[in-house]
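Step one of this worksheet: look at the structure below.
The values are calculated or read from the model by the stated rules, or taken from the named source; none is laboratory data. Note that the structure is a prediction, hence the values are computed from the model and not measured. We place every Cβ from the backbone using ideal geometry, glycine too, and count neighbours over all the protein chains shown.
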Amino acid sequence: MNRIRSLPRRNTHLIDAGDMTRLSSAVRGLVTALATLLALTAASATAQAAPSRAGTDPKAPADFVALQTVDPTIIQEMRYITRHNFVGERIDGYRQPLCILTRPAAQALHKAQRKLLRQGYTLKVYDCYRPQRAVNHFVRWAKDLEDQAMKGEFYPDVDKTRLFEDGYIAEKSGHSRGSTVDLTLVKLPAMPTRPYVPGEPLVPCYAPRSERFPDNSVDMGTGFDCFDTLSHTLDPRIQGTQRANRLLLKSTLEGLGFVNLAEEWWHYTYRPEPYPDTYFDFPVTTKSLTKGP
């Protein structure tokens with residue numbers, strides 16, 4: 001009341017009991033609004049400070065290893081961390097250009113490498129363990145019929161509406177079990193493959209080797225991930241040196257426990273698989289690997 005009386009005389013006649021009631025109500029509303037704002041701010045700060053357990057990436061079992069720790073001589077050209085693949089962008093879950101496999105599969109590759117080195121060749125891997133989130137990325141891309149940016153190289157003669165029906169894309173992949181690898185042969189001494197330049201003209205993956213995207217591998221008749229029946233390992237149209245190269249890879253790997261997927265000359269699975277019914281989703285990074293015994 002003293003503060004109200006201190007107002008200039010010309011205003012005192014405007015303050016009455018009704019004005020006081022309305023003023024008190026307004027103050028209470030302002031205090032309530034400020035308290036609500038402070039509470040929301042505190043809650044937001046708490047939420048930002050607390051780590052989200054749901055966002056923690058899963059870890060690999062202890063018997064998964066980085067191939068380079070088992071055999072550092074095998075070349076690794078991990079395509080799905082680059083834009084040079086049938087999607088045209090880095091695939092979800094690939095955070096490092098790293099081949100991860102179950103230990104038995106990696107050790108079998110090491111044995112194959114020792115055999116091939118004596119014959120003047122080295123293995124080169126394109127893909128190894130593949131997280132389920134990467135497979136989900138492939139599925140989303142396959143359902144987007146408008147996105148055909150890489151058709152000219154990887155599936156020039158296949159209608160994208162048939163990718164599921166023809167078996168090129170599936171909702172589960174053996175790669176996610178950790179014992180499947182996509183690979184090829186490189187003649188020694190190995191020359192580097194030039195980097196892919198996004199937006200460069202695309203050439204069909206089944207074009208003659210001198211015309212398709214350059215790869216330092218031997219001529220297998222098609223490029224890697226070529227969605228075409230010419231990629232079938234024993235397709236009768238593949239003859240001469242191309243067929244001999246496929247059979248060298250096949251005989252070497254099958255002699256050490258790998259089984260080829262007949263539709264893809266580059267695709268091999270080590271058996272018996274340690275995890276025949278488990279599809280993992282840990283990301284491709286060294287941080288996913290736990291220390292084994």
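It is to be established whether one or more residues within segment 175-197 are part of a loop (DSSP other than H, G, I, E, B) and farther than 23 Å from Ile74 by Cα. Taking every residue of segment 175-197 in turn, at least one turns out to be part of a loop (DSSP other than H, G, I, E, B) and farther than 23 Å from Ile74 by Cα. Evaluating Leu256 against the criteria (1) in a loop (DSSP other than H, G, I, E, B); (2) out of contact with any helix residue (DSSP H, G or I) (no Cβ under 7 Å at 6 or more places or on another chain); (3) modelled with pLDDT of 95 or more leaves one unmet condition, (2). Residue count for segment 131-153 under the criterion of being within 24 Å of Ile100 (Cβ to Cβ) and basic (Lys, Arg): the result is 2. Checked against (1) modelled with pLDDT under 95; (2) in a strand (DSSP E or B), Lys291 passes all but a single condition, namely (2).
Conditions tested, residue by residue: (1) in contact with a helix residue (DSSP H, G or I) (Cβ under 9 Å, 6 or more places away or on another chain); (2) surrounded by 18 or more Cβ atoms within 10 Å (Cβ to Cβ); (3) modelled with pLDDT of 95 or more.
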{"site": "Tyr155", "(1), (2), (3)": "no, yes, yes"}
{"site": "Val158", "(1), (2), (3)": "yes, no, yes"}
{"site": "Lys172", "(1), (2), (3)": "yes, no, yes"}
{"site": "His175", "(1), (2), (3)": "yes, yes, yes"}
{"site": "Leu202", "(1), (2), (3)": "yes, no, yes"}
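In segment 260-286, what residues are closer than 21 Å to Asp219 by Cα and exposed (fewer than 14 other Cβ atoms within 10 Å of the Cβ)?
Ala262
Scanning segment 228-237 for residues that are of a type outside the set (Gly, Ala, Ser) and either surrounded by fewer than 18 Cβ atoms within 10 Å (Cβ to Cβ) or in contact (Cβ under 8 Å) with a residue 24 or more places away in the chain (or both), we see that the one that is nearest to Lys124 (Cα to Cα) is Thr233.
Taking (1) surrounded by fewer than 20 Cβ atoms within 10 Å (Cβ to Cβ); (2) farther than 25 Å from Phe227 by Cβ; (3) not basic (Lys, Arg) in turn, Tyr121 satisfies each apart from (1). State whether the residues of segment 147-166 include one that is closer than 30 Å to Leu256 by Cβ and part of a loop (DSSP other than H, G, I, E, B). No; the residues of segment 147-166 include none that is closer than 30 Å to Leu256 by Cβ and part of a loop (DSSP other than H, G, I, E, B).
Of the residues in segment 127-143, none is in the same structural domain as Ser231 (by TED's automatic domain parsing), within 17 Å of Arg79 (Cα to Cα), without any contact (Cβ under 8 Å) to a residue 12 or more places away in the chain and under 21 Å from the mean Cα position of the chain (by Cα).
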